[in-house]
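Taken together, the values in this text are just the output of simple stated rules run on the coordinates, not laboratory data. Small disclaimer: the values here were computed from a predicted structure and weren't measured. A quick note on method: Cβ atoms are made from the backbone with ideal geometry, for glycine too, and the neighbour counts reach across all protein chains shown.
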Amino acid sequence: MTYSGDVHVGGPADVHELPGLIVSKIAVGPMSNNAYLLRCRDTGEQVLVDAAAEPEALLDLIGEDGIEAVITTHRHADHWQALGDVVAATGATTVAGRLDAEGIPVMTDVLLDDGDEVVFGSVTLRAIHLVGHTPGSIALLYDDPEGQPHLFTGDCLFPGGVGKTAGPEDFASLYDGVVTKIFDVLPDETWVYPGHGDDTSVGRERPALEEWAARGW
């Protein structure tokens, strides 16, 4: 089965099968948010990235095996509309960046700082704290021991640029964080899963970095 990452609201999930991890991507809600169900191949344990909207669709994707945790990439409301319902139905642990937790109306059980890890089964996700779209946005890196890295970027990095910022200072902070913590350290083959829209890769976006800096958005 070939994974494209091309999903639309009301349509099925697209499934990316990696040696140790299965990534199921689904689009939900009026802002066409991406939610990602991550399943450890060794143990069957699952984690959801962004319970954005449409709890029924997310719970159907999760299935009877349930989830260990829901990780919210940042505090903007379109990324947590279904969080309360999903947690109530599954008993999942809630996880978010420390500086964004106060803006999420469901209590956060685990606060992430830069470099912290979320472990489920044999899978480890490392938090990358990026400031600018929000104060506490978190990207999540899965450094696949049998393949290329995989990065879940929330609204911090998309095909064609970094996420929306409120002004030049916030843009400079987000751009600097994305460059120094992602482009300067991760290889071109790193697969990027954003909070909305199509997937991309570090190598695909790298040639445009100077253009992004010049335009300031």
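Results, tabulated for the structure shown:
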quantity: Quarter of the Cα convex hull surface for region 27-89, i.e. its orientation-mean projected area (nm²); calculated: 3.9 nm²
quantity: Calculated Rg and Dmax of region 169-217 using C-alpha coordinates, Å; calculated: 10.9, 30
quantity: Charge dipole (debye, nearest 20) of the chain; +1 at Cβ of Lys and Arg, -1 at Cβ of Asp and Glu; calculated: 320 debye
quantity: Sequence ranges 174-181, 126-133, ranked by mean other-Cβ count within 10 angstrom, highest first; calculated: 126-133, 174-181
quantity: Residues 217, 191, 212, 80 arranged by fewest to most Cβ contacts within 10 Å; calculated: 217, 212, 191, 80
quantity: Cα-Cα pairs of the chain separated by more than 28 Å (percent); calculated: 21 percent
